[in-house]
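Quick notes on the structure that follows.
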Amino acid sequence: MQMKTEKLVRIALLGAVMNVAKWALSFLPNTELVSLLIVIYTLVFGREAFWMIVVFNLIEGLQWGFGFWWVSYMYTWPLLAAVVLIFKKLFQEEFLLWAVVSGVFGLCFGMFFAIAYIPVDLSYALTYWIHGLPWDIWHAVCNFILMLLLGKPLYKMLLRIRSGAFGES
């Protein structure tokens with residue numbers, strides 16, 4: 001399958017934007033824009049968002065090293081995109097519902113991350129998850145608020161970019 005240059009550039013650029021957005025808020029614990037961007041990218045670009053996640057994950061691995069945490073990224077972020085694809089037609093442009101999805105994802109993030117540790121040691125995986133629950137609650141609250149504040153404007157902006165109408169009156 002041959003990919004058009006425009007699509008390839010969009011995938012690379014938006015995948016890199018996720019990395020920059022994550023870095024920009026890295027001084028705030030468990031506060032990130034990646035969840036928001038994955039939801040919006042998936043709503044606007046559909047399955048193409050999975051490629052953007054691959055780019056993001058590769059950049060993260062190159063930047064921070066391909067540690068055990070990276071394995072969790074390989075299924076956790078695509079899982080969010082898959083959930084959005086499942087509910088896309090049902091929720092459409094209801095950003096309060098997408099805020100709930102983002103919040104629930106933030107709450108479950110530590111659990112998803114702990115799954116990778118189950119083959120190593122089940123008790124460690126459970127301890128890791130339970131110990132991180134207060135941070136997951138914070139993650140949920142932040143995801144919810146960020147989606148409420150930024151979801152609709154980002155969505156509309158990306159729709160305009162996708163249609164080529166950005167900058168036109």
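Read the figures in this text as sums done on the coordinates, not as results from a lab. Everything numeric in this text was worked out from a predicted model, so none of it was measured. Glycine also receives a Cβ, built like all others from the backbone with ideal geometry; neighbour counts cover every protein chain displayed.
The table for this structure:
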item: Segment 85-138 and segment 1-36: distance between their alpha carbon centers, rounded to Å; result: 20 Å
item: Packing-based ranking, highest mean first, of 39-50, 65-76 given that Cβ atoms within 10 Å are counted; result: 39-50, 65-76
item: Segment 82-96 - phi-based ³J(HN,Hα) in whole Hz, Karplus 6.51/-1.76/1.60, Gly and Pro as x; result: 5, 4, 4, 4, 5, 9, 3, 6, 6, 8, 6, 9, 8, 6, 5
item: Residue-averaged [θ]222 nm for the chain, counting only DSSP H segments that reach four residues, each worth -39500 (n - 2.57); result: -27500 deg cm²/dmol
item: Value of relative contact order over segment 7-163, rounded to a whole percent, pairs C-alpha under 8 Å and six or more apart; result: 28 percent
item: Modelled FRET efficiency - R0 25 Å, residue 97 with residue 8, Cβ distances, 0.05 increments; result: 0.20
item: Segments 8-20, 143-155 sorted - mean Cβ within 10 Å per residue, highest first; result: 143-155, 8-20
